[in-house]
Amino acid sequence: MNNAFAYTDIARNRLGKPLSTVQSNRQAFVQIKDVCKVYPTKNGPFTVLDGVNLSVYEGEFICVIGHSGCGKSTLLNMVSGFAHPTSGDVLVDGSPVTKPGPDRMVVFQNYALLPWRTAFENVYLAVNAVHPNKPEAEKRAIVREHLAMVGLAEAADKKPPQLSGGMKQRVSIARALAIRPKVMILDEPFGALDAITKEELQEELLKIWNDHKCTVLMITHDIDEALFLADRLVMMTNGPHAKIGEVLDIPFARPRDRARIMEDPQYYQLRNYALDFLYNRFAHDDVG
Ligand SMILES: Nc1ncnc2c1ncn2[C@@H]1O[C@H](COP(=O)(O)OP(=O)(O)OP(=O)(O)O)[C@@H](O)[C@H]1O
């Protein structure tokens, strides 16, 4: 009963008002408006997302959680421009998203690096593709700066097979950041990493985000990761016809200290609330 009390409290204080009321004085930077996505399949149309609405503000850090297959990647792919809504609109900085662009960079769980190219070259190729006319020395300086930012100055000449998983993900983050995107989309970026590397990279990501203040949309399955990183946690219902179930404000002051926020009683209220959402209210057979 105590928990139920706490949940109601969180729901009233953090979820009770529609975002348009809570954030009325801010301009939405990423707008997902009444988006539905239907995939054609051999068994007929498959409606993955149905009526998804979300406004993300400039410089916000958003995490998205939901059970496997609910449509998280599909949703963020529509922001990156790799997928398109069947109906509804996705806008970034007021313009409809029609295709991928350098203003929206994606970091994937599997790094997506070219294995025969060095770390330097992997980042350089992206910088060169976006800024072909910049002087060579400037492009190389951008690459060096971003590899240094993720602590890989010494590993610039190594190829992905010579790098650990954490190092590969650092290259991937450096590559995304080197383009100076307005929106960074991370699809379970730390899902394949061990716990210590994951925590190190979460801290680095927060530091970089704090310095550059791009808008971040990140998919994760890890509630603790979301509570450490996000300003808001978007919780999706199960598919088919998935939508956004609730959005949880994460109130911890920044810069965040992992140990300190875990001592905050609100941490466990929020954690339990999210767990209850996933494993009771929207329990799913596929996920234990
Ligand atoms: N191109 C496609 N054609 C048909 N069905 C698809 C296609 N892409 C995804 N799906 C289906 O849409 C649903 C949502 O997939 P999506 O990858 O967006 O989910 P997710 O929440 O990101 O999953 P996970 O957490 O496992 O990565 C799944 O049932 C998937 O099988």
Does A119 meet the test of being surrounded by 15 or more Cβ atoms within 10 Å (Cβ to Cβ), closer than 24 Å to E60 by Cα, in contact (Cβ under 8 Å) with a residue 40 or more places away in the chain and of a type outside the set (V, I, T)?
no
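May I ask you to verify whether A148 is without any contact (Cβ under 8 Å) to a residue 40 or more places away in the chain, open to solvent by 20 Å² or more (accessible area, probe 1.4 Å) and within 19 Å of E121 (Cα to Cα)?
yes
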Which residues, counting only those in the stretch 223-244, are more than 12 Å from the ligand (Cβ to nearest atom), assigned to a loop (DSSP other than H, G, I, E, B) and open to solvent by 20 Å² or more (accessible area, probe 1.4 Å)?
D231, K243
From V216, V247, grab the single residue that is under 23 Å from G71 (Cα atoms), open to solvent by 10 Å² or more (accessible area, probe 1.4 Å), more than 16 Å from the ligand (Cβ to nearest atom) and part of a strand (DSSP E or B).
V247
If you go through the stretch 54-95, how many residues are touching an Asp or Glu at 6+ places or on another chain (Cβ under 6 Å) and open to solvent by 50 Å² or more (accessible area, probe 1.4 Å)?
1
Residue count, the stretch 164-201, condition more than 13 Å from the chain's Cα centre (by Cα), crowded, with 20+ Cβ neighbours inside 10 Å and outside any helix (DSSP H, G or I), comes to 2
Residues located in the stretch 69-110, provided they are within 26 Å of G165 (Cβ to Cβ), touching a residue at least 40 places away in the same chain (Cβ under 8 Å) and within 14 Å of the ligand (Cβ to nearest atom)
G69, C70, K72, S73, L75, L76, V79, S80, V106, F108, Q109, N110
Restricting attention to the stretch 37-68, which residues are in a loop (DSSP other than H, G, I, E, B), within 9 Å of the ligand (Cβ to nearest atom) and free of Cβ contacts under 8 Å to residues at least 40 places away in the same chain?
none
Looking only at the stretch 102-149, how many residues end up being more than 23 Å from L186 (Cβ to Cβ) and under 23 Å from the mean Cα position of the chain (by Cα)?
0
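The values are calculated or read from the model by the stated rules, or taken from the named source; none is laboratory data. Small disclaimer: the values here were computed from a predicted structure and weren't measured. When we count neighbours, we look across all protein chains shown, and the Cβ atoms used for this are built from the backbone with ideal geometry, even at glycine. These area figures cover heavy atoms from the full protein model, side chains too; ligands, DNA and RNA do not enter into them. Shrake-Rupley method; radii C 1.70, N 1.55, O 1.52, S 1.80 Å.
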